[in-house]
Amino acid sequence: MMRAAKLLFSVFILSFLSSCFEEEQFPETPLIEFESLKYVDTEGLDSLVLSFSFQDGDADLGLNDDVNDLLAPYQVYSVVIDAQDSVVFIDDGALQLPLYHAPVFIATLDNGQIARVFFTEEKVLFSQTDNRPPFDCENYEIIDSDTAYVVRNEFYHNFHIQFMQKRNGNYSEIDFAEIFQSDDCELGNFNGRIPFYDPNGREGIITYSMLSQLFRLSFLDDTIQLRFWVYDRSLNKSNVAESPDFVLRDLISQ
């Protein structure tokens with residue numbers, strides 16, 4: 001089952017202001033730039049609202065949650081299989097090598113059950129040896145009460161963001177799970193999906209809202225910088241944009 005955040009959740013709002021000018025030429029690789037950051041108190045939770053501008057020459061920025069955008073190359077993860085196309089679990093004995101990984105389509109049925117379809121015809125060579133690591137929630141997924149070996153897909157989320165803490169002039173990424181001594185891999189994961197609305201949307205402003213219980217508890221008085229990037233539908237990665245340094249307490253008081 002897809003990992004669910006336990007102590008936080010994030011939502012996003014898209015404010016899509018697009019314009020199209022025949023004479024302007026934009027790069028096919030997305031170009032993004034920080035615009036603004038504000039704090040909103042939402043029913044007792046903290047909400048950081050990030051706005052950034054984008055330019056994308058082929059207007060293919062955005063993913064939806066329909067069937068096409070849950071298939072490869074936008075799947076949540078790929079499952080590791082052996083040479084006989086059997087799913088590899090953490091406690092399997094001898095495996096038939098080599099190992100491959102194959103994309104997975106995940107759907108919720110009308111009865112609420114989760115269905116998974118493994119596309120073994122699209123498998124890719126993964127390892128000539130049994131390279132299963134010890135259990136962690138990054139490399140394993142619970143499938144039908146068994147712990148399956150998986151490969152997470154970088155492109156499932158088309159928006160990625162890091163919270164950087166500044167100390168003595170140096171930046172380091174905040175590890176929320178370490179702060180709260182949690183084994184929840186989703187803790188502090190504010191990556192998400194910017195939806196696809198406008199096939200002519202070659203430039204505009206995107207507003208991305210992150211709602212959480214963690215911000216005040218983690219860095220109320222620390223100096224923080226946000227670093228973020230996007231992928232378009234062609235899997236082109238944008239530049240990494242940065243917010244100015246900020247202190248959350250100062251944002252709250254504005």
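Values in this text are rule-based calculations from the coordinates and carry no lab data. The structure presented is a predicted model; accordingly, all values stated were derived computationally and were not measured. Neighbour counts are summed over all protein chains in view; Cβ atoms, including those assigned to glycine, are modelled from backbone coordinates with ideal geometry.
For the ranges 65-73, 41-49, 77-85, what's the packing order if you count other beta-carbon atoms within 10 Å of each residue, average per peptide, and put the highest first? Spell out each step's value before the answer.
On the way: 65-73: 12.6, 41-49: 14.3, 77-85: 17.8.
Going by the mean number of other Cβ atoms within 10 Å, highest first, we get 77-85, 41-49, 65-73.
For the chain, the Cβ-based charge dipole about the Cα centre amounts to some 480 debye (Lys, Arg positive; Asp, Glu negative; other atoms uncharged).
Using mean Cβ contacts within 10 Å as the protection proxy, how do 142-150, 208-216 order, highest first?
On the way: 142-150: 15.4, 208-216: 19.2.
For the peptides 142-150, 208-216, the packing ranking is 208-216, 142-150.
Stretched out straight at 0.36 nm per residue, the stretch from Glu28 to Ala72 would grow longer than its current Cα-Cα span by 13.7 nm.
When N is the residue count of the range 87-200, what does its C-alpha Rg come to as a fraction of 2.2 N^0.38 Å? Before the final figure, lay out each step's value.
On the way: Rg = 18.0 Å, N = 114, 2.2 N^0.38 = 13.3 Å.
Rounded to two decimals, the normalised Rg is 1.36.
Karplus-based coupling profile of the range 61-68, in residue order and whole Hz: 8, x, 9, 10, 10, 7, 4, 4, with θ = phi - 60° in 6.51 cos²θ - 1.76 cosθ + 1.60 and x standing for Gly or Pro. With each label modelled as a point 7 angstrom along the Cα→C-beta vector, the Asp65-Lys237 pair spans 2.7 nm. Here the calculated FRET efficiency for Ser145 and Ala83, from their Cβ-Cβ distance with R0 = 22 Å, stands at 0.35, rounded to the nearest 0.05.
Using r as the Cβ-Cβ distance of Asp41 and Ala115, and R0 as 25 Å, what FRET efficiency do you calculate, to the nearest 0.05?
On the way: r = 40 Å, r/R0 = 1.58.
It comes out at approximately 0.05.
Ile106 to Phe135: FRET efficiency via 1/(1 + (r/R0)^6), r the Cβ-Cβ distance, R0 25 Å, to the nearest 0.05?
On the way: r = 21 Å, r/R0 = 0.84.
The calculated FRET efficiency here is 0.75.
Charges on Cβ only, +1 for Lys and Arg, -1 for Asp and Glu, centred on the Cα centroid of the range 104-242; of Phe190, Phe159, Phe135, which one is farthest towards the dipole's positive end? In the range 104-242, that residue is Phe159. Computed about its Cα centre, the charge dipole of the range 25-85 is approximately 180 debye, with only Lys, Arg, Asp and Glu carrying charge at their Cβ. Here the gap between Asp92 and Gln225, fully extended at 0.36 nm per residue and compared with their Cα-Cα distance, gives a gain of 43.5 nm.
State the number of lysine pairs found in the chain whose Cα atoms come within less than 27 Å, restricting to pairs 8 or more positions apart or on distinct chains. Lysine pairs meeting both conditions in the chain amount to 6. As a rough guide to protection, the peptides 110-116, 163-169 ranked by mean Cβ packing within 10 Å, highest first, stand as 163-169, 110-116.
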